[in-house]
1. If I ask for residues that are part of a strand (DSSP E or B) and surrounded by fewer than 21 Cβ atoms within 10 Å (Cβ to Cβ), which ones from segment 153-177 would you list?
2. State all residues of segment 61-118 that are open to solvent by 20 Å² or more (accessible area, probe 1.4 Å), in a strand (DSSP E or B), modelled with pLDDT of 90 or more and among the hydrophobic types (A, V, I, L, M, F, W, C); if no residue qualifies, say none.
3. So, in segment 33-55, exactly how many residues are in a strand (DSSP E or B) and either in contact with a Phe, Trp or Tyr (Cβ under 9 Å, 6 or more places away or on another chain) or modelled with pLDDT of 90 or more (or both)?
4. Quick one: which of G181, G148 is under 18 Å from G52 (Cα atoms) and in contact with a Leu (Cβ under 9 Å, 6 or more places away or on another chain)?
5. What's the number of the only condition in (1) farther than 23 Å from L71 by Cβ; (2) modelled with pLDDT under 95 that R155 fails to meet?
6. Scan (1) out of contact with any Leu (no Cβ under 6 Å at 6 or more places or on another chain); (2) more than 21 Å from Q90 (Cα to Cα) for the single condition P162 breaks and write down its number.
7. When you look at G148, is it of a type outside the set (S, T, Y), in a strand (DSSP E or B) and either under 14 Å from the mean Cα position of the chain (by Cα) or crowded, with 20+ Cβ neighbours inside 10 Å (or both), yes or no?
8. Does T138 fit the bill of being buried (at least 18 other Cβ atoms within 10 Å of the Cβ), under 22 Å from G78 (Cβ atoms) and touching a residue at least 60 places away in the same chain (Cβ under 8 Å)?
Amino acid sequence: SRPVRPLRPGLLAEEGIMKFVILAITVTALCVSVGHTQMADREGYTSSVSLGLAPVTKFSFADTSETGMALVFGFSVGYGLDDRNVIVVQGNLSARNSDYFTALGRTYTHLDGSALGDQKVTQAFIGLGWYHYFSKKTKTWYSNLTAGAQSFRVRDFNRSDPGFAWKVELGYQFCDRIQAGSFTQFGRTDHGDTSYDHVQMGLVVTLLKY
């Protein structure tokens, strides 16, 4: 009989991403099909959680750069000034494996002499943002602009110092509780004399609570 080949970690990650895409499309399609346009009640306290997929999650420094895919988890808490403008504190977190830092880590060892394992890079963002909805009704386009700080960490290396970052998002609110959009996020972090530039681009589905 032919030997069974073990599943690669990357394959498991790809399956997880595909499940996210299928779930996001299903939830959004269901909302569009059964939802009806009504006046939105965005004024007052609000919160949200989101899940996104960023095919472009890139860091670069000097003559080196690396781009990978990452899942992005987000949250926000805020206050609606009226039915079209909402001020929030929002953040997100994403992580992925890095071929560059994994290769670099193989040139180092732990104190006990064992080699470093696969290196995962994690980035976090938090800032003050403004959502603008183009209609007082639930089915409408929206925009978001957020400015704040970003951190960057490699698993077995020192954490970089946080730096300025900003995010812009354009999307559509399908019903009272669900919206989806496309976002781009830029940031810079520093580690000693090295400055890292960060770019992240992707899609996000958000569950809202007013």
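The values are calculated or read from the model by the stated rules, or taken from the named source; none is laboratory data. Please read all numbers here as calculations on a predicted model, not as lab measurements. All Cβ positions, glycine included, derive from the backbone under ideal geometry; neighbour counts span all protein chains shown. All accessible areas refer to the heavy atoms of the entire protein, side chains included, with ligands and DNA or RNA removed. Shrake-Rupley method; radii C 1.70, N 1.55, O 1.52, S 1.80 Å.
1. Taking segment 153-177 as the starting set, the residues that turn out to be part of a strand (DSSP E or B) are 153-154, 161, 163-173.
R153, V154, D161, G163, F164, W166, V168, L170, G171, Y172, listed by residue number.
2. Residues satisfying the conditions are F61, M69, L71, F73, F75, V77, I87, V89, L93, A95.
3. Going residue by residue through segment 33-55, those that are in a strand (DSSP E or B) are 39, 44-55.
Add one more test, that the residue is either in contact with a Phe, Trp or Tyr (Cβ under 9 Å, 6 or more places away or on another chain) or modelled with pLDDT of 90 or more (or both), and what stays is 44-55.
Qualifying residue count for the region: 12.
4. Values: G148 fails: under 18 Å from G52 (Cα atoms).
Only one candidate qualifies: G181.
5. Of (1) farther than 23 Å from L71 by Cβ; (2) modelled with pLDDT under 95, only one is false for R155: (1).
6. The single condition P162 does not satisfy is (2).
7. Details: of a type outside the set (S, T, Y): yes; in a strand (DSSP E or B): yes; either under 14 Å from the mean Cα position of the chain (by Cα) or crowded, with 20+ Cβ neighbours inside 10 Å (or both): no.
No, not satisfied.
8. On the way: buried (at least 18 other Cβ atoms within 10 Å of the Cβ): yes; under 22 Å from G78 (Cβ atoms): yes; touching a residue at least 60 places away in the same chain (Cβ under 8 Å): yes.
Spelling it out, T138 is indeed buried (at least 18 other Cβ atoms within 10 Å of the Cβ), under 22 Å from G78 (Cβ atoms) and touching a residue at least 60 places away in the same chain (Cβ under 8 Å).
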